[in-house]
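Taken together, the values in this text are just the output of simple stated rules run on the coordinates, not laboratory data. Values in this document were obtained by computation on a predicted structure and should not be read as measured data. Positions of Cβ are backbone-derived with ideal geometry, glycine not excepted, and every protein chain shown enters the neighbour counts.
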Amino acid sequence: MFGALSGLVAGLVGSGVMEGFQTLWLKAKERLGADETGGSAAPGPPVKLAALAVEGGASPPDPAPVKVAAAVTASLTGGRLRKAEKEPAGRIVHYAFGTASAIGYGVLADLAPIVTLGFGTLFGIAVWILLDNLMLWALGLAKRPTAYPLSAHAYALASHVVYGAAVEAVRQLVRPLFPS
């Protein structure tokens, strides 16, 4: 039970750290600007929660967390998310998944400490492979993983490695507060 509590705290913080990392990545990408061919010099991340303009002024497809939030909203209320609700709803879903994953990690870390090998980075990689790539594709919330460019995978993998390390760091700080 206390592993779950430490995982809950670690998941909330880890999700926030991941979001901060993604913001920094996108700012660095913007600063690098375009190369001589007019293309981006930095790796292109998948669509962030914030609305981004695409060619012709059309809106990009909603990212997976927004699609999940829209589906939950539709099933609970029969209604649709308004444009202004999409980003905060997607953020809630992202934090919920990040926290739920870290709760499981916290429980497993208490039962089998070997799961902490790599200071949480292996956990982050597992979340990226199993949830971000395979589950989203299987549920029809994202394209087949091979449909994305390598730069999108680098962005997502780096984000999840940062998330996993942050989860483990916070779990180690918080876990001693709860007696076994």
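Observations, loosely collected:
- Set of lysines near Lys143 by C-alpha distance (under 23 Å), chain-local residues within fewer than 8 positions excluded: Lys48, Lys67, Lys83, Lys86
- Amide H within-cut-off set for Phe119, under 5 Å, with H built and near neighbours excluded: none
- Segment 91-171, relative contact order [Cα under 8 Å, separation at least 6], %: 39 percent
- Rounded, prolate or oblate (a/c below 1.5 giving rounded, otherwise prolate when a/b exceeds b/c) for segment 76-180 by Cα gyration tensor: oblate
- Net charge in the neighbourhood of Ala138 (other residues with Cβ under 13 Å of its Cβ; Lys, Arg +1, Asp, Glu -1) is +1.
- Derived scalar couplings ³J(HN,Hα) [segment 11-25; Karplus, 6.51 cos²θ - 1.76 cosθ + 1.60; whole Hz; x for Gly, Pro]: x, 5, 5, x, 5, x, 5, 4, 4, x, 4, 5, 4, 5, 4
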